[in-house]
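Okay, so here's the structure we're looking at.
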Amino acid sequence: TVLRLLGGRYGRDALDQRLARWKLFDPIVLASFGVARPLADAPSTLVLDGLKGVEIAGRAVDRLTLRIYNDDPAFAPAGHTVVQVLMPTDYEWWATQGSAYGDARDRVAAAILALLEARFPGIAADVKMTDVATPLTFWRSARSWRGAFEGWMPSADSFSQHVPKTLPGLDGFYMAGQWVEPGGGVPTALMSGRQLVQILCDAAGKPFVAPTLGSSAS
């Protein structure tokens, strides 16, 4: 928004300073597999640790964290389970694949599935659906900077500074979300939106009243 939509005319210096000093969360690959087996006895979170000689998307991988959606029947049809792998990756690797992007995504899915096969023998034959989201997926769908799924990584520097939700010289413009709050994820973005509503209420001379559970805001 600051660089493209507004052409860097407002708040550019402060943003450049943050980009130079603050670290960003790594972008991710999110691989999901629909499996025709219940996996009822598997834990909902499982770490495959101590992997040796594994390289995926140009990056050495020594562990994989699996999310096994077997704790609610709404996640998949009866007798089926969704297995999801979230792993850090490099934006540049994906951005330079060009016409080989589709093949690269297929290779990543195959490499991850081979690791799942080692943990759950025969699971590859039970896979009915495969979906791989890359940093370019997040860029296309959400225009998130470099495909980021979270913004600024928490640090002593980032937590000690306040990121304003307005831009100097631009009246009536406000920002909320993961780029104005160190950390990431839905809770951080929601907190940012709540704080912005408080700012707007204060500017309008109105009290901020948050609805309680089971009620609605008037």
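Here, each number is a calculation from the coordinates, and none is a lab measurement. Keep in mind that this is a model prediction, so the values were computed, not measured. Neighbour counts are summed over all protein chains in view; Cβ atoms, including those assigned to glycine, are modelled from backbone coordinates with ideal geometry.
Here are some notes:
- Toward the positive end of the charge dipole of the chain, with +1 on the Cβ of Lys and Arg and -1 on the Cβ of Asp and Glu, the farthest Cα among 122, 14, 30 is that of 14.
- Semi-axes of the equivalent ellipsoid for segment 28-142, Cα gyration tensor, largest first, Å: 24, 16, 12
- Here's how it looks for residue 130: its modeled amide H is under 5 Å from those of 34, which are all 5 or more places away or on a different chain.
- Taken over segment 29-77, the convex hull of the Cα atoms encloses 93 Å³ per residue.
- Quotient of C-alpha Rg and 2.2 N^0.38 Å, computed over the chain: 1.25
- Using the Cβ of residue 37 as centre and a radius below 12 Å, the other residues enclosed give a net charge of -1, where K and R count +1 and D and E count -1.
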